[in-house]
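A short worksheet on the structure shown next.
Values in this text are rule-based calculations from the coordinates and carry no lab data. Quick caveat: nothing in here was measured; it's all calculated off a predicted structure. Heads up, the Cβs are rebuilt from the backbone with ideal geometry, glycines too, and the neighbour counts pull from every protein chain shown.
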Amino acid sequence: MNVIVTDAGFVPDDWILPIVALEDARDGVGIDLPNSIDPAELVGRLPDIAMIRVDFPSSSDGRGFSIARQLRLMGYKGRLRAHGHVLADQYAMARRCGFDEVEISPDLAARQTEEQWQFRANWRAHDYQARLRG
């Protein structure tokens, strides 16, 4: 079972509805988005989508961050989850881009402990603007 990371640390996954591919989307389910999609394909459909899970196949591929930001700018208010190979060092960026949570494998959670993720949970205070003001 994968591990869900939030500002509170490692938490149980409380999402109980199916998560389906975009082409199988229907009201009340979550959808999986590949990191290669153009979020504009979801125009007009966002209010009906309860959760969007964006794939991160590699920690070096940042397209998922751009997708999250675009979805939020388009008005998406639902649950937004990063899924895959997101590193603890990238947690603050994920939150700033609009993700509510990150889903990682148990193997990654064992290598990057909850403490490492929690260190970045105060993501609003650890940006370059806060350092310049400090």
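So between SER66 and PHE119, what do we pick up on full extension, going 0.36 nm a residue minus the alpha carbon distance? Numbers along the way, then the final one.
Details: separation 53, 0.36 × 53 = 19.08 nm, distance 2.35 nm.
Full extension from SER66 to PHE119 adds 16.7 nm.
Arranged from highest to lowest average of other beta-carbon atoms within 10 Å per residue, in what order do the peptides 50-63, 15-28 appear?
On the way: 50-63: 17.3, 15-28: 11.4.
Averaged packing, sorted descending, gives the order 50-63, 15-28.
Which cross-chain or sequence-distant (5 or more) residues have an amide H under 5 Å from the amide H of GLU101, H modelled 1.01 Å from N in plane?
LEU80, ALA82
Expressed as an acute angle from 0 to 90° and rounded to the nearest 10, what is the orientation of the C-alpha long axis of helix 63-73 relative to the principal long axis of the chain?
Result, in degrees: 70.
Please label the shape of segment 63-113 as rounded, prolate or oblate, based on the square roots a ≥ b ≥ c of the eigenvalues of the alpha-carbon gyration tensor (a/c under 1.5 means rounded; beyond that, a/b larger than b/c means prolate, else oblate).
Prolate, since a/c reaches 1.5 and a/b exceeds b/c.
Mean 1/r over all different Cα pairs, inverted: what Kirkwood radius does the chain give, in Å?
In the chain this quantity evaluates to 15.2 Å.
What's the extension gain from ASP48 to MET74 if we count 0.36 nm per residue and subtract their Cα-Cα distance?
Working it through step by step, the gained length comes to 8.0 nm.
Out of the DSSP beta bridges found with both residues in the chain, what percent are antiparallel (nearest 5)? The partial results should precede the final answer.
Values: 6 of 22 bridges.
So the antiparallel bridges amount to about 25 percent of the total.
Taking 8 Å as the Cα distance limit and 6 or more residues as the minimum spacing, I'd like the relative contact order of segment 1-100 as a percentage.
Details: 140 pairs, mean separation 21.7, N = 100.
This gives 22 percent for segment 1-100.
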